[in-house]
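Visitor: I have a structure I would like to understand better, so I am pasting it below and will then ask my questions one at a time.
The values are calculated or read from the model by the stated rules, or taken from the named source; none is laboratory data. Given the structure is predicted, the values throughout are model-derived calculations rather than measurements. Quick reminder, even Gly has a Cβ in these numbers, built from the backbone with ideal geometry, and neighbours come from all protein chains shown.
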Amino acid sequence: MVVDAHHRVIAIDGPAGAGKSTIAKALSARLNMKYLDTGAMYRAVTFEAMLRELDLDNQQLITDLAQECDLHVGLDRVIINGHDATTAIRGPEVTGNVSKVAANSGVRTEMRARQQEWASAHNGGVIEGRDIATVVFPNAVLKVFLTASPEVRARRRVEQHGGNVIEIAQSIKDRDLLDSTRADSPLASASDSVVVDTSDRAIDDVVDEIEQLFRERI
């Protein structure tokens, strides 16, 4: 499928806790562009599967759910099949299972198509995830890979959602391993992505840099 809106896509990838959501939201507001959190899509499918007590290892069953679900991911709300999953998808249960669902090729194929359709409908946008630059929008006008030290990422997660820093750090390492080694669309920096380490930088400083890069390309 050819997506004419590719030239208006800012693809932001990176691991958990790198600042993707905070920076992508601020950037979308700064540029008056729509924002899409693709990770929330996989989390929503995971939530719905768990709600129905489906076997997450049954790839066809979870693929069918992904293909048939009514899913709306907005700036502040995530609704799947009429259920408001906004809070639940950030909880430990979903977080602990989302990598398994995200590794399902059938689910990825469906979510990828929905992400491309979203970009077409909105004439591009600021889109964050783990395979946006490498797989979903390889022709995006700007590709950014955000990273940060594991310690910083763990502290950020605790500040956002609570918990124990040591446990969260281990969880992040486990998630990184699963996401970067899965067979379908692993977490990776595209060869033409701009790598930005957010560890010791203010949000506005990072947003300024990405905004400048984008304006140089359009």
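Visitor: Out of the range 117-140, which residues are crowded, with 19+ Cβ neighbours inside 10 Å and either polar (S, T, N, Q) or closer than 14 Å to Ala66 by Cβ (or both)?
Guide: Within the range 117-140, just Thr134 meets the criteria.
Every residue, every condition in (1) touching a residue at least 40 places away in the same chain (Cβ under 8 Å); (2) within 19 Å of Glu93 (Cβ to Cβ), yes or no:
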position: Gln115; (1), (2): yes, no
position: Asn123; (1), (2): yes, no
position: Val141; (1), (2): yes, no
position: Val165; (1), (2): no, no
position: Gln170; (1), (2): no, yes
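Visitor: Let me ask something else. Among the residues of the range 141-151 satisfying the criterion of being under 30 Å from Asn164 (Cβ atoms) and touching a helix residue (DSSP H, G or I) at 6+ places or on another chain (Cβ under 8 Å), which is surrounded by the fewest Cβ atoms within 10 Å (Cβ to Cβ)?
Guide: Per the criteria, the residue is Glu151.
Visitor: Here is a further query. Test Val126 against the stated conditions and say whether it is outside any strand (DSSP E or B) and in contact with a helix residue (DSSP H, G or I) (Cβ under 7 Å, 6 or more places away or on another chain).
Guide: So Val126 fails the test.
Visitor: To continue, here is another question. Considering only the range 84-112, how many residues are surrounded by 14 or more Cβ atoms within 10 Å (Cβ to Cβ) and farther than 29 Å from Val165 by Cβ?
Guide: The qualifying residues number 8.
Visitor: Same structure, new question: Take residues that are farther than 23 Å from Ser191 by Cβ and tell me which of the strands (runs of 3 or more DSSP E) falling wholly in the range 1-115 contain 1 or more.
Guide: Hits in the range 1-115: 35-37, 71-73, 78-80.
Visitor: Enumerate the pairs (first residue in the range 35-61 and in contact (Cβ under 8 Å) with a residue 24 or more places away in the chain; second residue anywhere and surrounded by 15 or more Cβ atoms within 10 Å (Cβ to Cβ) and basic (Lys, Arg)) with beta-carbon separation below 6 Å, excluding pairs fewer than 6 apart on the same chain, so at least 6 apart or on different chains.
Guide: Between residues of the range 35-61 that are in contact (Cβ under 8 Å) with a residue 24 or more places away in the chain and residues that are surrounded by 15 or more Cβ atoms within 10 Å (Cβ to Cβ) and basic (Lys, Arg), the close pairs are Tyr35/Lys25; Leu56/Lys100.
Visitor: Let me ask something else. Six or more apart or on different chains, Cβ under 8 Å: which pairs go from a residue in the range 189-204 that's within 18 Å of Ala16 (Cβ to Cβ) and modelled with pLDDT under 95 to one that's loosely packed, with under 14 Cβ neighbours inside 10 Å and not small (Gly, Ala, Ser)? Could you list them?
Guide: Ser189/Val195
Visitor: Sort through Arg108, Arg155, Arg90, Arg112 and tell me the only one that's under 13 Å from the mean Cα position of the chain (by Cα), modelled with pLDDT under 95 and basic (Lys, Arg).
Guide: Answer to the selection: Arg90.
Visitor: Considering only residues that are under 22 Å from Ala24 (Cα atoms) and among the small types (Gly, Ala, Ser), look in the range 163-189 and name the one that is surrounded by the fewest Cβ atoms within 10 Å (Cβ to Cβ).
Guide: Ranking the qualifying residues of the range 163-189, first place goes to Ser180.
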